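Below: one structure, written as structure tokens.
The values are calculated or read from the model by the stated rules, or taken from the named source; none is laboratory data. A quick note: this is a predicted structure, and the numbers were derived from the prediction, not measured. Counting neighbours? That spans all protein chains shown, and the Cβs are built from the backbone with ideal geometry, glycine included. SASA here: full protein model, heavy atoms, side chains in, ligands and nucleic acids out. Shrake-Rupley method; radii C 1.70, N 1.55, O 1.52, S 1.80 Å.
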Amino acid sequence: QEQLVESGGGSVQAGDSLRLSCAASGRTLDTYGMAWFRQTPGWEREFVAGISRLAATYYSDSVKGRFTISRDNAKKTVDLQMNSLKPEDTAVYYCASSRRASVDYSSDNYAYWGQGTQVTVSS
């Protein structure tokens, strides 16, 4: 049974950086795609970034060039480096493990989710 725990969120000013970390247990990270999603109250969970079993990376247009997803299979961690943060990046960020090896933009295709970590960006 996979367990995911996010950390690294907080409150920052626009233009600042944060690094989120997802610690996993009970599942081999090198077998499945991983992703970060974010969500605000009343809105659908939004794909942010993903990394496949083959280490291909994918980003939403809104974060491309600012965010970087990476993984360390030995440590079972998946990180999201967030630079040049904007107020619209404010959300709860979730780490997710895919049902397959590939990355999918739909949250329906992810089997395991962390509890989420809050990111707040002030203008």
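Quick notes on this one:
- Counted residues, region 82-98 - those being open to solvent by 10 Å² or more (accessible area, probe 1.4 Å) and under 9 Å from PHE37 (Cα atoms): 2
- For region 29-42, the set of residues classified as within 15 Å of the chain's Cα centre (by Cα) and either open to solvent by 70 Å² or more (accessible area, probe 1.4 Å) or within 17 Å of ALA101 (Cβ to Cβ) (or both) consists of LEU29, TYR32, GLY33, MET34, ALA35, listed by residue number.
- Residue within region 107-115 that is closer than 18 Å to LYS64 by Cα, open to solvent by less than 10 Å² (accessible area, probe 1.4 Å), in a strand (DSSP E or B) and in contact with a strand residue (DSSP E or B) (Cβ under 8 Å, 6 or more places away or on another chain) present: no
- Where SER70 falls short, out of the listed (1) among the hydroxyl-bearing types (Ser, Thr, Tyr); (2) under 13 Å from the mean Cα position of the chain (by Cα); (3) open to solvent by 30 Å² or more (accessible area, probe 1.4 Å); (4) over 16 Å from LEU18 (Cα atoms): (4)
- Qualifying residue in region 53-66 (condition: farther than 23 Å from GLU2 by Cα and polar (S, T, N, Q)): yes
- Test for VAL103: is it assigned to a loop (DSSP other than H, G, I, E, B) and either within 21 Å of GLY26 (Cβ to Cβ) or among the polar types (S, T, N, Q) (or both): yes
- Residue check for ALA101: aliphatic (A, V, I, L, M), surrounded by 14 or more Cβ atoms within 10 Å (Cβ to Cβ) and modelled with pLDDT under 95: no
- No other residue among ASP61, ASP79 is under 10 Å from the mean Cα position of the chain (by Cα), charged (D, E, K, R) and over 13 Å from THR31 (Cα atoms) apart from ASP79.
- Test for ARG45: is it open to solvent by less than 70 Å² (accessible area, probe 1.4 Å), under 13 Å from the mean Cα position of the chain (by Cα) and among the basic types (Lys, Arg): no
- Looking across ALA91, ALA56, one residue alone is under 13 Å from the mean Cα position of the chain (by Cα), among the hydrophobic types (A, V, I, L, M, F, W, C) and modelled with pLDDT of 90 or more. It is ALA91.
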